[in-house]
Amino acid sequence: MSIKEVPVQRPQRWDAPFSADMTDNDVERLLTLAPFCAMNAEAFSSKLSLRGILKYDCRINRYKAGDIVIRQGDYGSSAFLILRGDAIVTLNPLPADFADKPRKTRRSLLNSVSRLWRRNHVAEMRELPGEQPLPPIARGEGAKMRLFLQDIPGTIDISQTFRLQTGQLFGELAALTRTPRSATVIADGPGEMLELRWQGLRDLMKRDNALRNHVDSLYRRNSLRGHLQQTPFLAELDERWLQEVANETLFETYGDFEWNRQFQSLSQRDIADRIQSEPVIAMEGGLADSLLLIRNGFARLSRQHGDGHQTIAYLGKGQVFGMRELTHNWRNKENRPWTLTLRAVGYVDILRIPRLPIEQFVLPNVPESSLPASFAPLATNATKHDLLAENDRRANRREAQLETGLLEFLVDGRFINGTSAMVIDLDRCTRCDDCVRACAATHDNNPRFLREGPRYENWMIAGACMHCLDPVCMIGCPTGAIGRNESSGNVLINDNTCIGCGTCAASCPYSNIKMVDIRCSSGKPIVDAKRGETLQKATKCDFCEGLSGGPACQRACPHDALVRVDLTHPLPLFQIIQTR
């Protein structure tokens with residue numbers, strides 16, 4: 001070992017437990033309760049034991065009447081099990097007085113400027129273990145919000161609520177799928193809840209099928225109605241009709257949940273071959289027997305074109321497929337087939353509502369004006385030729401909004417996953433690197449992106465974290481070091497809990513997470529005391545979280561060549577292109 005190196009103990013998963021207050025007595029108590037009492041402890045490994053998960057991946061929170069446990073629209077990374085007491089679930093947003101999110105912490109101008117002369121000049125400097133205590137993993141700020149029980153009937157619509165009782169689990173779907181909370185949960189009196197961070201929940205489900213089945217059944221009972229209500233025209237249905245629709249709705253998944261594993265190999269294949277390899281959800285010419293709602297993920301909308309398929313658009317969360325055909329068939333007593341094909345791009349969750357409940361409960365009770373305009377009914381006397389002509393017109397209208405080649409570039413590279421993609425206009429960029437220097441100055445001389453990436457004509461998607469709608473980088477992280485900021489939704493890395501395993505870097509489909517060798521304040525490499533290997537940490541763009549004025553890279557560009565774009569709705573990108 002060189003004297004220029006500093007040996008330390010390699011970080012482990014549970015160096016920073018979810019709560020320092022969890023005791024062995026708490027674990028013993030949990031093991032007497034469902035579902036843990038029915039789990040086979042022998043099915044767990046010695047390094048990832050059932051007791052270990054309960055002690056280090058869980059914490060017990062105590063609530064008073066009116067405390068907001070989770071809030072609709074917030075990102076969450078944990079599930080909750082009610083140990084004692086009740087809770088009220090509301091599917092409608094809270095009034096503004098109660099729903100305001102905590103203000104994001106922003107650095108003051110003085111603080112931002114002072115960083116320029118206070119920054120450390122050692123590349124990737126970290127405090128040594130023991131030099132700085134690990135901060136506790138705090139509860140979300142939302143839990144501090146407070147309602148009063150006597151005000152609840154006047155604050156929320158009681159008819160749009162239901163009650164959770166002791167022993168029930170909630171919040172698991174948002175935690176596992178990395179999506180915003182679909183409902184608000186309020187404590188209905190004093191009580192205790194076990195909070196399980198999603199890594200522990202995931203590992204419990206891997207080892208115990210009963211828990212996985214329990215989570216699936218909870219979705220149908222607790223969350224399905226809320227997801228249906230998030231579709232605008234279904235939200236107008238009377239409660240009884242909505243429940244009838246929910247009773248008939250099927251929950252389906254297509255593709256691989258960890259789609260990133262095959263992404264690189266698929267991206268090398270011919271476009272026609274790639275489209276053919278995507279799972280078919282609905283095929284052009286097939287029986288139009290249901291309405292499809294995209295719950296999570298992305299789906300490609302295409303039409304037959306010669307020997308292959310032409311991409312017309314893609315559908316994301318909250319969008320629907322099939323209303324046009326179902327409406328036409330209901331009004332004209334016909335059975336016209338699907339006129340377009342819908343395929344899963346990666347992984348997609350689908351809510352499939354059969355034709356019968358749509359015809360019985362939706363179409364007779366929802367005004368035509370409330371139906372999605374892009375799915376207007378077909379003409380009463382439409383022929384097959386008319387259907388094809390209409391598809392051509394729809395495709396041309398979409399091409400006028402977003403040129404087909406650019407759309408296929410975004411879909412095939414799955415850049416449609418990015419909510420804050422860094423897009424550079426190469427005709428304006430002079431390669432001055434002011435953006436890189438600004439990033440470095442903001443992050444202690446450690447730039448967090450590469451000014452390189454895939455290109456379409458004069459546009460480049462730079463190698464910076466896109467803060468994805470579906471951040472698969474979070475799936476395998478053993479410590480929960482990478483996760484979403486509750487209020488901003490940005491994907492951030494907690495440097496204190498990152499153990500340098502490299503799982504997130506390997507999982508990122510875009511190679512936008514880098515593993516870097518770390519050093520102490522004197523510049524010496526920090527190495528594993530046992531193996532002598534240099535220790536690493538994961539780093540990436542943090543969207544300049546907390547910095548006033550937004551991302552430093554964009555503000556520093558002297559030629560307005562660099563823009564941040566939400567590519568989950570790429571029309572703004574095309575509008576930028578048109579104006580340049």
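So how far apart, in nm, are the two label points at ASP273 and GLN360 if each is 7 Å from Cα heading toward Cβ?
With each label point 7 Å from Cα toward Cβ, the separation is 4.8 nm.
Need one number for region 435-580: average projected area of the convex hull over its C-alpha atoms, nm². If you can, show how the numbers build up before the last one.
Working: hull surface 41.6 nm².
Seen from a random direction, the Cα hull of region 435-580 projects 10.4 nm² on average.
What does the net charge come to around GLU248 if you take all other residues with beta carbon closer than 11 Å to its beta carbon, with K and R at +1 and D and E at -1? Before the final figure, lay out the partial values.
On the way: positive: ARG352, ARG355; negative: GLU244.
In short, +1.
Rg and Dmax of region 506-568, using alpha carbons, in Å: what are they?
Every Cα atom of region 506-568 included, Rg and Dmax give 16.9, 50 Å.
Could you work out the local net charge near MET515, counting Lys and Arg as +1, Asp and Glu as -1, over the other residues with Cβ closer than 15 Å to its Cβ? Don't skip to the end; give the middle numbers.
Details: positive: ARG10, ARG126, ARG448, LYS514, ARG519, LYS537, LYS540; negative: GLU124, ASP495, ASP517, ASP528, GLU533.
Within the 15 Å Cβ shell, the charges total +2.
State the percentage of accessible surface on region 470-553 attributable to carbon and sulfur atoms; use a 1.4 Å probe and exclude ligands, DNA and RNA. Each step should come with its number before you reach the end.
Working: 1330 of 2990 Å².
Carbon and sulfur together cover 45 percent of it.
Kindly provide the trypsin sites (Lys or Arg not before Pro) of region 20-58 that DSSP labels as loop, not H, G, I, E or B, and whose Cβ sees at most 13 other Cβ atoms within 10 Å.
Details: sites: ARG29, LYS47, ARG51, LYS55; in loops: LYS47.
Passing sites in region 20-58 are LYS47.
Figure the gain on full extension for LYS524 and LYS206 (residue separation times 0.36 nm, minus the Cα-Cα span) and round it to one decimal in nm.
Values: separation 318, 0.36 × 318 = 114.48 nm, distance 4.06 nm.
Extending this stretch completely gives an extra 110.4 nm.
Can you tell me the FRET efficiency between GLN243 and ASP86 if r is taken as the Cβ-Cβ distance and R0 is 25 Å, rounded to the nearest 0.05? Each step should come with its number before you reach the end.
On the way: r = 22 Å, r/R0 = 0.88.
FRET efficiency, GLN243 to ASP86: 0.70.
Which shape class applies to region 404-476: rounded if a/c is under 1.5, otherwise prolate when a/b exceeds b/c and oblate if not, where a ≥ b ≥ c are the square roots of the Cα gyration tensor eigenvalues? Could the numbers behind the result be given before it?
Numbers: a/c = 3.13, a/b = 1.17, b/c = 2.67.
Oblate, because a/c is 1.5 or more while a/b does not exceed b/c.
At 7 Å along Cα-to-Cβ for each site, give me the label-to-label distance between THR579 and GLN262 in nm.
4.0 nm
With equal scatterers on the alpha carbons only and no solvent term, can you work out the Debye log10 of I(q)/I(0) for region 1-65 at 0.14, 0.21 1/Å?
So the normalised log intensities work out to -0.54, -0.92.
What Kirkwood hydrodynamic radius, in Å, does region 473-522 give when the mean of 1/r is taken over all pairs of distinct Cα atoms and then inverted?
Details: mean 1/r = 0.0851 Å⁻¹.
About 11.7 Å, per the Kirkwood formula over Cα pairs.
The values are calculated or read from the model by the stated rules, or taken from the named source; none is laboratory data. The structure displayed is predicted, hence computed values, not measured ones. Virtual Cβ from ideal backbone geometry, glycine too; neighbours counted across all protein chains shown. With ligands, DNA and RNA removed, areas are computed over all heavy atoms of the protein, side chains included. Shrake-Rupley method; radii C 1.70, N 1.55, O 1.52, S 1.80 Å.
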